[in-house]
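One structure below.
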Amino acid sequence: NQFSTSSSPAPTANASTPNSPEPQKITPRPSETPVAVYAAQRLDGYQTGRGVAYGIDPWTKQAALEGMIDPENIHFWDQCPYEITYTDCVKAIKRLGLQGYCRLIRAQAHTVANQFAEISVGLLHLDGNHSAEPTIRETREWFPKVAVGGFIVVDDIAWKEADVFTVRPAVEWMLERGCAIVDQSVRNCLVLEKRCE
């Protein structure tokens, strides 16, 4: 699940179906944001008075369980009320008066990354499925979208599957490509700055 801001029109959740025409590229201004969000509580923090935050999440059990092998994680994600969470997110956007700032795209983040222009993202919040394959796939798809000087928030860096850290390899991959850790004051979270293309 991803979040992005742009002054462009929001794509629809079905914009990337296999037989649909090529979607129009979304080009956020450098001061705007893509990010990953699961629940609505996080959306109010992205209101900046300009641009649009795109919340990208399929809100489905199938997507949440992809690659999961740890029984405790499987149990947790198997019990989540995905439809209720999505509906609550939509309601929270309205309740907080953020309709002009927030657009939801109901899809897996890697399937809509091609709708966002290269180096157009000022803030990317990675907080999707934390299994190894989905994590690195979303990181590789979205990393080129982040502008030099942009920030990447990585959630749940201590996530484990079968006693193996699954998010840290994606962090290491970004560090190898010119990112620097600029904040780690929030437990289980890192903020990276992309310092070169």
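The values are calculated or read from the model by the stated rules, or taken from the named source; none is laboratory data. Everything quoted here is computed from the prediction, not taken from an experiment. Neighbour counts are summed over all protein chains in view; Cβ atoms, including those assigned to glycine, are modelled from backbone coordinates with ideal geometry.
When His125, His110 are checked against the criterion of being outside any helix (DSSP H, G or I) and at pLDDT 90 or above, a single residue qualifies: His125. Here's a check for you: in the stretch 138-158, which residue that is touching a residue at least 60 places away in the same chain (Cβ under 8 Å) and outside any strand (DSSP E or B) is surrounded by the most Cβ atoms within 10 Å (Cβ to Cβ)? In this case the residue turns out to be Trp142.
One residue alone among Ile136, Ile152 is of a type in the set (A, V, I, L, M) and in contact with a strand residue (DSSP E or B) (Cβ under 8 Å, 6 or more places away or on another chain), and that residue is Ile152.
Enumerate the helices (runs of 4 or more DSSP H) found wholly within the stretch 10-100, keeping only those where 2 or more residues are within 16 Å of the chain's Cα centre (by Cα) and either at pLDDT 90 or above or surrounded by 13 or more Cβ atoms within 10 Å (Cβ to Cβ) (or both).
In the stretch 10-100, 61-65, 82-95 are the helices (runs of 4 or more DSSP H) which contain 2 or more residues that are within 16 Å of the chain's Cα centre (by Cα) and either at pLDDT 90 or above or surrounded by 13 or more Cβ atoms within 10 Å (Cβ to Cβ) (or both).
Taking the numbered list (1) crowded, with 21+ Cβ neighbours inside 10 Å; (2) part of a strand (DSSP E or B) in turn, Thr135 passes all entries but (2). Go through the stretch 174-189 and give me each residue that's within 17 Å of the chain's Cα centre (by Cα) and within 19 Å of Ile119 (Cβ to Cβ). Across the stretch 174-189, the qualifying residue is only Met174. Taken over the stretch 113-122, the criterion of being part of a strand (DSSP E or B) and closer than 13 Å to Ile56 by Cβ is satisfied by Phe116, Val121.
If the condition is being among the polar types (S, T, N, Q) and under 29 Å from Gly97 (Cα atoms), then the stretch 52-69 contributes only Thr60.
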